[in-house]
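Participant: Sharing a structure, written as structure tokens. Questions coming.
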Amino acid sequence: MFDPAVFAARRAAYMKAIGSQAIAIARSQPERLRNGDAYHPFRQNSDVLYLTGFAEPECTLVLRPGAEHDKVVMFVRPRDPELETWDGRRAGLEGAKERYGAEVAYDISELDSKLAELTANVDEWYVGLGIDDALDALVARTIARLRRTEKKGQRPPRAIVDPREALHELRLIKQPEELAALRKASAIASDAHVAAIRHGRPGVFEYELEAIINYQFRRRGGAGPGYATIVGAGANATILHYIENKSKIADGDLVLVDAGCEYDHYTSDITRTWPANGTFSPAQARVYEIVLATQLAAIAMCRVGTTIDDIHQFCVKSLTEGMIELGLLAGPVEERIKDLSYRRFYMHGTSHWLGLDVHDAGAYTRAGKPRPLEAGMVITIEPGLYIAPNAEGVPDELRGIGVRIEDDIVITRGDPEVLTAACPKTVAELEALAKT
Ligand code: GLY
Ligand code: MN
Ligand code: MN
């Protein structure tokens with residue numbers, strides 16, 4: 001976890017951004033039942049993590065920049081020796097104050113009764129609605145309560161403001177400690193991909209590679225995968241979010257692995273595609289080289305002032321030219337871009353923000369237009385080509401080939417920093433590694 005001063009500075013920046021006539025609420029999503037009485041592993045809401053580092057369930061943070069005292073209020077689970085014996089340690093109210101920056105902490109069971117007085121008489125509440133029904137209901141109940149006390153001097157807000165504007169702009173520009181976490185998450189994931197490439201050969205099951213990858217994440221101190229690990233061999237590589245990972249790898253298959261490690265709550269996001277038997281077939285190599293050349297040129301575009309849309313448009317053009325060269329589409333290229341037929345083989349975006357969330361917070365547009373990249377932003381570059389096994393009107397030898405190559409890039413004032421550069425991706429490197 002970062003130094004408490006990091007979280008204090010983030011809270012101060014957020015409070016400055018919303019101003020003294022506002023309060024902000026951030027809170028953990030409810031724990032989810034998996035089956036019976038067993039729960040999915042809990043992962044804290046990223047806004048709560050960003051502002052406090054507090055990772056326990058049942059937490060609500062209230063920031064009150066205009067208050068004279070108690071600007072940082074946390075509602076948390078109290079210490080409870082018996083429950084802690086069953087469910088694990090709790091920071092409790094004292095811990096919230098001593099370790100997580102709360103000026104005052106309350107038992108989470110008091111949230112309903114205390115929230116109205118803590119949030120009365122400001123113009124705006126920064127709270128994300130439409131994500132968690134329980135939070136929506138809490139906000140409505142609290143406003144109803146304040147309507148009733150208005151004559152006595154405690155009034156509800158005039159507006160509810162989406163926190164994405166203020167808070168997610170802060171999350172978008174990564175500070176040095178965040179970049180350090182992302183570097184570590186990227187280094188671990190790069191090594192995990194290398195281990196998978198070494199181990200993956202015909203006869204091995206996709207789930208074995210998933211296990212090797214997720215094992216590497218944990219043994220190096222990561223929390224695990226930042227999103228469900230994708231291991232798709234052969235035609236499974238043409239399914240974008242294939243997470244079943246249950247097929248046996250066959251001789252002649254390409255294997256596509258999309259896996260990122262979460263470290264200190266920040267995740268990397270890497271995709272590599274390689275031949276299980278150590279040799280790309282001529283058709284596989286042709287597809288691969290088109291994606292790789294596109295990806296390298298797209299990474300070179302990752303500079304201050306360019307937009308993600310510019311980069312995507314470039315990739316669409318380059319990949320569509322490739323589709324024509326491969327005989328997947330008939331030219332001219334501009335027509336195939338205009339009529340969107342390229343989407344049969346390249347149907348997703350090229351980039352997204354990366355950070356606490358794999359698809360991280362932050363606006364992609366400004367006044368309806370793509371926004372220019374700025375130093376400190378972190379994005380992925382992930383072009384691909386996916387030729388379905390039953391695609392009609394395409395050369396036989398290309399059917400069932402799926403290739404994606406994905407790296408994580410820091411925008412700097414100079415050249416882009418490729419966080420995942422240690423993970424091999426040339427044909428020669430991959431073939432050599434897959435043969436070892
Ligand atoms: N692994 C999710 C993505 O690449 O966006
Ligand atoms: Mn991605
Ligand atoms: Mn990915």
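Participant: When each pair of different Cα atoms in the range 25-142 is counted once in the 1/r mean, what is the Kirkwood radius in angstroms, to one decimal?
Facilitator: When all Cα pairs of the range 25-142 are included, the Kirkwood radius is 15.0 Å.
Participant: Still on this structure, please answer the following. Classify the range 297-436 from the C-alpha gyration tensor, please: rounded if a/c falls under 1.5, else prolate or oblate depending on whether a/b exceeds b/c.
Facilitator: Since a/c reaches 1.5 but b/c is at least a/b, the shape of the range 297-436 is classed as oblate.
Participant: Rounded, prolate or oblate: which one fits the range 236-386, using the alpha carbon gyration tensor with axes a ≥ b ≥ c (rounded when a/c is under 1.5, else prolate when a/b beats b/c, else oblate)?
Facilitator: In terms of gyration-tensor shape, oblate.
Participant: Let me ask another. How many percent of DSSP beta bridges within the chain run antiparallel, rounded to 5?
Facilitator: 80
Participant: Each residue of the range 245-254 in order: what ³J(HN,Hα) in whole Hz does its phi give by Karplus 6.51 cos²θ - 1.76 cosθ + 1.60, θ = phi - 60°, with x for Gly and Pro?
Facilitator: Once rounded to whole Hz, the list reads 6, 10, 8, 8, 6, 9, 4, x, 6, 7.
Participant: Then there is this: Give the Rg/Rh ratio for the chain, taking Rg as the radius of gyration of the Cα atoms and Rh as the Kirkwood radius, to two decimals.
Facilitator: 1.03
Participant: Indicate the gyration tensor shape class of the range 122-185 (rounded, prolate or oblate), computed on the Cα atoms with a ≥ b ≥ c the square roots of the eigenvalues: a/c under 1.5 is rounded; otherwise a/b larger than b/c is prolate and the rest oblate.
Facilitator: Judged from the Cα gyration tensor, the range 122-185 comes out prolate (a/c at least 1.5, a/b above b/c).
Participant: Here's something else I'd like to know. Would you work out the relative contact order for the range 276-403, in percent, from Cα pairs under 8 angstrom that are 6 or more residues apart?
Facilitator: This gives 30 percent for the range 276-403.
Participant: Gain in length, ASP136 to GLN175, computed as 0.36 nm per residue apart minus the alpha-carbon separation, to one decimal in nm?
Facilitator: Stretched out fully, the ASP136 to GLN175 stretch lengthens by 10.9 nm.
Participant: In what sequence do LYS184, LYS16 fall when counting other Cβ within 10 Å, fewest first?
Facilitator: LYS16, LYS184
Participant: Quick check: pseudo-label points 7 Å beyond the Cα along Cα→Cβ at ALA9 and GLU244, how many nm apart are they?
Facilitator: 4.8
Participant: Which of ALA259, ALA144, MET1 sits farthest toward the positive end of the charge dipole of the chain, with +1 on the Cβ of Lys and Arg and -1 on the Cβ of Asp and Glu?
Facilitator: Toward the positive end, the furthest listed residue is ALA144.
Participant: Work out, in µm²/s and without decimals, the Stokes-Einstein translational diffusion coefficient of the range 88-209 at 20 °C, 1.002 mPa s, Rh from Kirkwood over C-alpha pairs.
Facilitator: 112
Participant: Counting other Cβ atoms within 10 Å, keep those with at most 16, restrict to DSSP loop, and tell me which GluC sites (Glu not before Pro) in the range 347-432 are left.
Facilitator: Those satisfying the criteria are GLU374, GLU392.
Participant: Right, next: Can you compute the label reach from ARG43? Point 7 Å from Cα along the Cβ direction, backbone N cut-off under 17 Å, restricted to the range 232-266.
Facilitator: Counting only backbone N, you get 241-244, 258-266.
Participant: Just want to confirm a number: the relative contact order over the chain, from Cα pairs under 8 angstrom separated by 6+ residues, in percent.
Facilitator: With pairs under 8 Å counted, the relative contact order is 14 percent.
Participant: If each DSSP helix of 4+ residues adds -39,500 (n - 2.57) and the sum is divided by the residues in the chain, what number results at 222 nm, nearest 500 deg cm²/dmol?
Facilitator: Per the formula, -11500 deg cm²/dmol.
Participant: With viscosity set to 1.002 mPa s at 20 °C, what whole-number translational diffusion coefficient in µm²/s follows for the range 167-261 from Stokes-Einstein and a Kirkwood radius over Cα pairs?
Facilitator: 152
Participant: Sticking with this structure for a sec: Under a point spin-label approximation (7 Å from Cα along Cα-to-Cβ), what is the ASP112-THR436 distance to one decimal in nm?
Facilitator: 6.0
Participant: Ok, one more. Tell me, what ³J(HN,Hα) does each residue in the range 302-310 have, in order and in whole Hz, if you take phi through Karplus 6.51 cos²θ - 1.76 cosθ + 1.60 with θ = phi - 60° and put x for Gly and Pro?
Facilitator: In residue order, the calculated couplings are 6, 9, 3, x, 6, 10, 4, 5, 4 Hz.
Participant: Take the cross-link list LYS16/LYS97; LYS71/LYS114; LYS71/LYS97; LYS248/LYS425; LYS317/LYS338 and give me the ones stretching past 18 Å between alpha-carbons.
Facilitator: LYS16/LYS97; LYS248/LYS425
Participant: Taking one equal scatterer on every alpha-carbon of the range 147-211, how large is log10 of I(q)/I(0) by Debye at q = 0.25 1/Å?
Facilitator: Log10 of I(q)/I(0), two decimals: -1.02.
Participant: Now a separate question. Which order results if ASP107, ASP191, ASP37 are arranged by neighbouring Cβ count within 10 Å, fewest first?
Facilitator: So the residues, fewest neighbours to most, are ASP37, ASP107, ASP191.
Participant: Then there is this: Order by neighbour count: LEU356, LEU167, fewest other Cβ atoms within 10 Å first, most last.
Facilitator: By the 10 Å Cβ count, ascending: LEU356, LEU167.
Throughout, read-outs are computed from the coordinates displayed, never taken from laboratory work. Just so you know, these numbers come straight off a predicted model, no measurement behind them. Neighbour counts are summed over all protein chains in view; Cβ atoms, including those assigned to glycine, are modelled from backbone coordinates with ideal geometry.
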